[in-house]
Amino acid sequence: LVRMAAERGLSLTGPDGLLKQFTKTVLETALNEEMTEHVGHEKHHAEPDRGTSNVRNGSRSKTVLTEATGHVEIDVPRDRDGTFEPVIVKKHQRRLTGVDEMVLSLYAHGLTTGEISAHFAQIYGAQVSKETISRITDKVSEEMASWANRPL
């Protein structure tokens, strides 16, 4: 993707740079996967007999500051009961450290799901399952492929 961006004359850094878009996509995907685990179902796939009324309830915008990409606006999912406590970007957290290293690790180094899970634990102190990591990387890979193939 870095090579393709350079060939198309796209910036790797800056306000609309590739790194900032990677950071936004990875954070939002991770938060959505956390919400999936919290409510117990994918978006728009709630079972009618699930035994709870807690479902997704939109999202709210939040701006976080990262070391290398500056301010990144992300959408944080909400649940109806207000019990969702995100791990990757905690409530009231505005400054992220190590996000850029996480993004580069996911994409540049081709880590296994176990290594990525350990990476999350080391950087964020967050226990994220290998299955969740797998779902996150699958979704982010799809989004990045569509971004790379978009018309300019």
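The values are calculated or read from the model by the stated rules, or taken from the named source; none is laboratory data. All of these numbers come straight from a predicted model, not from anything done at the bench. Note that we place each Cβ from the backbone using ideal geometry, even for glycine, and neighbour counts take in every protein chain shown. The area values use the complete protein model at the heavy-atom level, side chains included, leaving out ligands, DNA and RNA. Shrake-Rupley method; radii C 1.70, N 1.55, O 1.52, S 1.80 Å.
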query = When you scan segment 1-118 for helices (runs of 4 or more DSSP H) that lie fully inside it, which ones turn up with 2 or more residues that are at pLDDT 80 or above and touching an Asp or Glu at 6+ places or on another chain (Cβ under 9 Å)?
reply = 18-39
task = Considering only segment 46-84, state which residues are more than 14 Å from Glu28 (Cα to Cα), touching a residue at least 24 places away in the same chain (Cβ under 8 Å) and acidic (Asp, Glu).
result = Glu67, Asp79, Asp81
request  = Look at segment 124-152 and say how many of its residues are over 18 Å from Thr25 (Cα atoms) and either at pLDDT below 70 or of a type outside the set (D, E, K, R) (or both).
outcome  = 6
task = Among residues belonging to segment 57-76 that are open to solvent by less than 10 Å² (accessible area, probe 1.4 Å) and not basic (Lys, Arg), point out the one that is farthest from Leu18 (Cα to Cα).
result = Val76
query = Can you tell me how many residues in segment 20-56 are open to solvent by 30 Å² or more (accessible area, probe 1.4 Å) and of a type outside the set (Asp, Glu)?
reply = 16
